[in-house]
Every structure is written in structure tokens, then in C-alpha cells.
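Peer 1: First the structure, then my questions, so here it is.
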Amino acid sequence: MVEAPGTPNVPTTREIFFTFFRITMLAFGGAIAWVHRGLVVDRKWLTEREFAETLSLCQFLPGPNITNFAVVVGMRFRGVRGAVAALAALIVPPMFILIGIGVLYERIAHVAAVRGALNGLSAAAAGLFVVLLVNLLRSLARSRPAVNLPIAAASFAAVLSGVFSIPLALIALGPISIAVAWFRRR
């Protein structure tokens, strides 16, 4: 178990499980925003900077960001037991719910009202993502705006314009960002 820098208390395995269980049960379409709220705002297990750094790592790794985030946070505070607890809380409840909804959806997918409701949910999910983006940009602007914001803007522009896919942008700009941060600390 490794205590996080600046963190006054280390959560128990049970707290990790129930925090990620709560996140997974509330996170409809925007889990990372709920993770931010649960771990940074409500429980203060991570600082804004630690959250941004962890999210950056998790985006660079293969697999879903939220899954990676759960494993990293669980490992950080309680080792393998914490990682398993976070991952189980994140995956098992939605798996059973999704199987049930999948069976129901198969029977009602043709109904226009169902398609309209899913379209409305997409808008809500996009709104949650925008909130997360604003919070991350604030954190970047506070830490080293002259370095962080141009790299963030370049990444955004490269992916939005279609010049790079997200993985290619991470491969191309990630090392540049790391090198700049490394040289600035020297």
C-alpha cells in the first residue's frame, strides 16, 4: 500500500469498492466525470493534479479509461486487493444490468420513443464530458499554462481536424509533452 502524496487518509478496500460501486451506479454516459467528483471533490483522495496525471496515464493505456482508472487508483491505495475491489465494483453491477437491458431492448428497439430517448441521453452524456473537459483545462491552466495549454490545443486540433486519430495523437504528442515536462524540472 502506498499513500498518495498530499492525501490525509488512505481509503480501505471496502471504501474503494463502495466508492466505485456508487460511481458505476450513477455514471450514465460520463463515468470519468463521476470519478472526478467522487475521488477529487467528495472524498479528496486525489488532488486535481493527481487526477489529471492519472487520467493522462489511463488514456495512454489500452482499454477503457474508466477501467484503467479504477485499477490505477485501487493499486495506488491498496495494491492488488484495491485494484480488484475497484474493478469488481465498476464492472460486475453494470454487467448484470446491461444483460437485463439488452434483453428488454431486443424486444422494444423498434419503438420510435425508445430511439428518441436514447438520442436525448446522448446529449446528457456529451454535457458531462464537457464539464470534465473544463475541469481538466482549469487544472492545466493553473499548473503550467505556457506549456500545457499549447500541447492540449495541438492535440485537440490534430484529432478534431482528422490529421491524427486519438492513439496517434497520444503517440506523437505524448513524448513531446513528457520531454517538455522533464526539461522544465531540470
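Peer 1: For the chain, modelled as a GNM with alpha-carbon contacts under 10 angstrom, which of A141, A157, A113 fluctuates the most?
Peer 2: The residue with the greatest mean-square fluctuation here is A113.
Peer 1: Please check which bits of segment 42-79 a label hung off A172 would reach, taking the label as a point 7 Å along Cα-to-C-beta and the cut-off as backbone N under 18 Å.
Peer 2: Backbone N within reach: 60.
Peer 1: To make sure I understand, if each residue's beta carbon is the centre and we count other beta carbons within 10 Å, what order do H110, H36 fall in, fewest to most?
Peer 2: So the ranking, lowest neighbour count to highest, is H110, H36.
Peer 1: A further question follows. Give me the extension gain from V41 to V92: residue separation times 0.36 nm, minus the current Cα-Cα distance, reported in nm with one decimal.
Peer 2: 15.9 nm
Peer 1: Tell me whether the chain comes out rounded, prolate or oblate; compute the Cα gyration tensor, take square roots of the eigenvalues as a ≥ b ≥ c, and use a/c under 1.5 as the rounded threshold.
Peer 2: Because a/c hits 1.5 or more and a/b fails to exceed b/c, the chain counts as oblate.
Peer 1: Given F17, A153, L98, which one lies farthest toward the positive end of the charge dipole of the chain, if we put +1 on the Cβ of every Lys and Arg and -1 on the Cβ of every Asp and Glu?
Peer 2: Looking along the dipole axis, the top candidate is A153.
Peer 1: With +1 on each Lys and Arg Cβ and -1 on each Asp and Glu Cβ, how big is the dipole of the chain about its Cα centre, in debye rounded to the nearest 20?
Peer 2: Roughly 380 debye for the chain.
Peer 1: Also, quick follow-up: Considering the dipole of the chain built from charges on the beta carbon (Lys and Arg +1, Asp and Glu -1) around the Cα centre, which of F69, I176, I32 is farthest to its positive end?
Peer 2: After comparing all options, I get I176.
Peer 1: Separate question: Springs between alpha-carbon atoms under 10 Å, Gaussian network over the chain: tell me which of I16, I151, I108 tops the mean-square fluctuations.
Peer 2: I108
Peer 1: Still on this structure, please answer the following. How much mean residue ellipticity at 222 nm does the chain get from its helices, if each DSSP H run of length 4 or more adds -39500 (n - 2.57) and you divide by all residues, to the nearest 500 deg cm²/dmol?
Peer 2: -27000 deg cm²/dmol
Peer 1: Which whole-angstrom value gives the distance between the alpha carbon centres of segment 127-186 and segment 23-64?
Peer 2: Each part reduced to its Cα centre gives a spacing of 17 Å.
Peer 1: Each residue of segment 166-173 in turn: what ³J(HN,Hα) in whole Hz from Karplus with 6.51, -1.76, 1.60 and θ = phi - 60°, glycine and Pro shown as x?
Peer 2: So the Karplus estimates, Gly and Pro as x, are 4, x, 5, 4, 5, 5, 6, 8 Hz.
Peer 1: With springs connecting C-alpha atoms under 10 Å apart, model the chain as a Gaussian network and identify which of T12, T67, T47 has the largest mean-square fluctuation.
Peer 2: Highest fluctuation among the options: T12.
Read-outs: derived from the displayed coordinates by stated rules, not from any lab. All values reported here derive from a predicted model rather than from experimental measurement. A quick note on method: Cβ atoms are made from the backbone with ideal geometry, for glycine too, and the neighbour counts reach across all protein chains shown.
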